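Note sheet for the following structure.
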């Protein structure tokens, strides 16, 4: 499964799970009334995947 087809399937206050079975802890915990839906969290996941996957070997704009 490619990174582009990975979907967020579960989000809790402390972790999230993606469709290939990987589970990640959040760097900070969500309050119970702030936990996003998997669909809402997918937008955050995709955003950070794009930032962290520096395409074409470009340097990050805030890097050295």
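The values are calculated or read from the model by the stated rules, or taken from the named source; none is laboratory data. Bear in mind the structure is a predicted one, so any value in this text is a computation, not a measurement. Every residue, glycine among them, receives a Cβ derived from its backbone with ideal geometry; neighbour counts consider all protein chains shown.
Being in a helix (DSSP H, G or I), at negative phi and modelled with pLDDT under 90 is a property that does not hold for residue 28. In segment 31-56, of all residues being surrounded by 13 or more Cβ atoms within 10 Å (Cβ to Cβ) and in a loop (DSSP other than H, G, I, E, B), the one that is farthest from the chain's Cα centre (by Cα) corresponds to 35. Checked against the criterion of being exposed (fewer than 14 other Cβ atoms within 10 Å of the Cβ), touching a helix residue (DSSP H, G or I) at 6+ places or on another chain (Cβ under 8 Å) and modelled with pLDDT of 95 or more, the candidates 10, 22 yield just one match: 10. Scanning segment 7-25 for residues that are over 10 Å from the mean Cα position of the chain (by Cα) and either at positive phi or touching a residue at least 24 places away in the same chain (Cβ under 8 Å) (or both) yields 9, 10, 11, 21.
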